[in-house]
1. Taking the stretch 200-217, which residues are crowded, with 20+ Cβ neighbours inside 10 Å and either part of a helix (DSSP H, G or I) or over 22 Å from the mean Cα position of the chain (by Cα) (or both)?
2. May I ask you to list the residues in the stretch 151-165 that are closer than 13 Å to residue 278 by Cα and surrounded by 23 or more Cβ atoms within 10 Å (Cβ to Cβ)?
3. Only residues that are crowded, with 21+ Cβ neighbours inside 10 Å and part of a helix (DSSP H, G or I): list them for the stretch 176-193, please.
4. Within the stretch 68-89, which residues are over 12 Å from residue 144 (Cα atoms) and modelled with pLDDT of 90 or more?
5. In the set 32, 78, which member is closer than 21 Å to residue 140 by Cβ, not in a helix (DSSP H, G or I) and not assigned by TED's automatic domain parsing to the domain that holds residue 163?
6. Out of 246, 231, 224, I need the residue that is in the same structural domain as residue 203 (by TED's automatic domain parsing) and at pLDDT 90 or above. Which one?
7. Would you point out the residue of the stretch 1-19, among those that are more than 22 Å from the chain's Cα centre (by Cα) and assigned to a helix (DSSP H, G or I), that is modelled with the highest pLDDT?
């Protein structure tokens, strides 16, 4: 046994730029949770979502940092590099969303009923949450694929886009659940099937890659990913055409926002969110298709 413990502890996990980024993530995450719990507060669905984001990201980051320092991640039956970069990308997106949602619903132009001190705490939470997007973004930048380097699939542009596509699909599902009236027409129900199918397969691709089991499959996984991405582009193109017609055409809906449409609970707003993010995902899948032509998978569970 090494009396200094150098053989067991990974000093690079602390002294490297990646380690510094993760420590910033932990510091800011802990600060946000403390501020919200102390005086800033959270309520309703949007507040609970933000609190979930901050607690979830802090907990997973703490686990990742601890496993990296102690080298215990080598005992886990997953592709560690794929997992960490996928989580960093997801955490970046989640923090960006929370940093937008929290001030929209909890910051006011005037002091709230609880007092101006609460307003200052909420401003501090918004600032810390916005700043915390950067350490997670830095981790993605540091662990992304470099030209000529052999890395995990999730570190490539195509792999990172898979995480973004799944996250955008979650936003679409949230809008669909918020009284989007998608059950009125068969065409809009078809769109929901497309969203669900593409989301499910994308999540499966991420899970299989992170688990490091791509080499155990009986078919060429890289070819499957390219073919699936092509079909996803075609399917999303159809929804990008169908959804606006059955949502905003005069024959099926309204072209402008109704006056009696309450904020946060308006079918027209939900339809607009779905239409916008449908096009966003269409662009993401198309870019993914272009980049996936350059990727070659390494049949090794460690990658």
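The values are calculated or read from the model by the stated rules, or taken from the named source; none is laboratory data. Nothing here was measured: the structure is a model prediction, and the numbers come from that model. As a convention, Cβ positions derive from the backbone with ideal geometry for all residues, glycine included, and neighbour counts pool all protein chains shown.
1. Correct list: 202, 205, 206, 209, 210, 214.
2. The answer is 165, and nothing else.
3. Selection gives 176, 182, 188, 191.
4. 87
5. Numbers: 32 fails: not in a helix (DSSP H, G or I).
Checking each option against the conditions leaves just 78.
6. Working: 246 fails: at pLDDT 90 or above; 224 fails: at pLDDT 90 or above.
Within the list 246, 231, 224, the selection yields 231.
7. That would be 17.
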